[in-house]
Amino acid sequence: MRALAFGATAAVCAAVVVLLGIANPPAPDGVSTDRLGPDTGETIAAYLDRARASLSGTDDSDRWALVSFAGYRPAAALPGLPDGVRVSQALYQVPLPRVAAPLVAVQVPAEATALTRSGTDAAWQLADRRRYAADGTRGAQVLDVSIARLRAGCACSPGLVVRAPLSRLRELAGRPGVRAVQALPADAVAERFAVAPLLPDSADPVAPRPDDGPVPAG
């Protein structure tokens, strides 16, 4: 009898668990497929066309967007965007021939000096990574040269992540030195999308940078 009672109780509990699962389905895991930047294997011309198409439409709500420069810029040259364009991240990747340097995204608060000091902030981020890289290894050497050049104010920013209405983004896309502006849909969520800028010296079609060259001394 006890066995039968236990079995009946277990069956009831299982049914309750199933019902609770139906009434309260698990929350989404937060994975998003939104992405800013060219896909690996995509031609530059195709990406530029896709970026231009993303700016079409009459809806003028704010959008997250990637601004890719025609040439690497120093932090001092980043201010001066049109009114209504809010910079969220400054991107940095030290250009080293045939060396894969890390991409750094620096969060930019809404203050006048934030962009101009973002190169130094990028160097500090890499310095944190450097603590875990063994001396003499290729990874440590790449970090060392990247940190040194960023602290020296190098032209090392390939782009920005911004938020603005489509009308402002179209204005920004027409500015000298801006190679592409790509916007996400209006319902894209902050920090739920990937970013991979079109580098000024990217291969065509887009591919990871070769990593078979010597690391410069500094």
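Every read-out reported here was derived from the displayed coordinates using simple, explicitly stated rules and does not represent laboratory data. From a predicted model like this one, the values you see are computed outputs, not experimental measurements. When we count neighbours, we look across all protein chains shown, and the Cβ atoms used for this are built from the backbone with ideal geometry, even at glycine.
A few points about this structure:
- Restricting the calculation to alpha carbons of region 35-195 gives Rg and Dmax of 16.2, 55 angstrom.
- Computed magnitude of the charge dipole of region 35-195 (debye, nearest 20; Cβ of K, R +1, Cβ of D, E -1): 420 debye
- Couplings 3J(HN,Hα) for region 205-214, derived from phi with the Karplus relation 6.51 cos²θ - 1.76 cosθ + 1.60 (θ = phi - 60°), are x, 5, 8, x, 5, x, 10, 10, x, x Hz, where x marks Gly and Pro.
- Sum of -39500 (n - 2.57) over DSSP H runs of 4+, divided by residues of the chain (222 nm, nearest 500): -10000 deg cm²/dmol
- ³J(HN,Hα) computed for each position of region 170-177 - Karplus, 6.51 cos²θ - 1.76 cosθ + 1.60, integer Hz, glycine/proline x: 5, 4, 5, 5, x, 7, x, x
- Couplings 3J(HN,Hα) for region 100-114, derived from phi with the Karplus relation 6.51 cos²θ - 1.76 cosθ + 1.60 (θ = phi - 60°), are 8, 8, x, 8, 10, 10, 9, 5, 10, x, 7, 8, 4, 9, 4 Hz, where x marks Gly and Pro.
- Over all distinct Cα-Cα pairs of region 125-198, the Kirkwood formula returns a hydrodynamic radius of 15.4 Å.
- Distance from the alpha carbon centroid of region 117-161 to that of region 183-218 works out to 16 angstrom.
- Footprinting exposure proxy for Arg98, Arg73, Arg170 (fewest neighbouring C-beta atoms within 10 Å first): Arg98, Arg170, Arg73
- Full extension of the chain between Glu191 and Ala140 gives 15.5 nm of extra length, using 0.36 nm per residue less the Cα-Cα distance.
- Simple spin-label estimate for Asp39 and Ser167 gives 3.3 nm between the two label positions (7 Å along the Cα-to-Cβ direction from each Cα).
- Relative exposure of Ser54, Ser61, Ser157, judged by other C-beta atoms within 10 Å (fewest first): Ser61, Ser54, Ser157
- Extension gain for Ala77 to Asp212 (0.36 nm times residue separation, less C-alpha to C-alpha distance): 45.5 nm.
- Distances between placed amide hydrogens fall under 5 Å for Arg179 paired with Ser68, Phe69, Ala70, all partners being 5 or more residues away or on another chain.
- Looking at the chain alone, DSSP beta bridges between its own residues are antiparallel in about 90 percent of cases.
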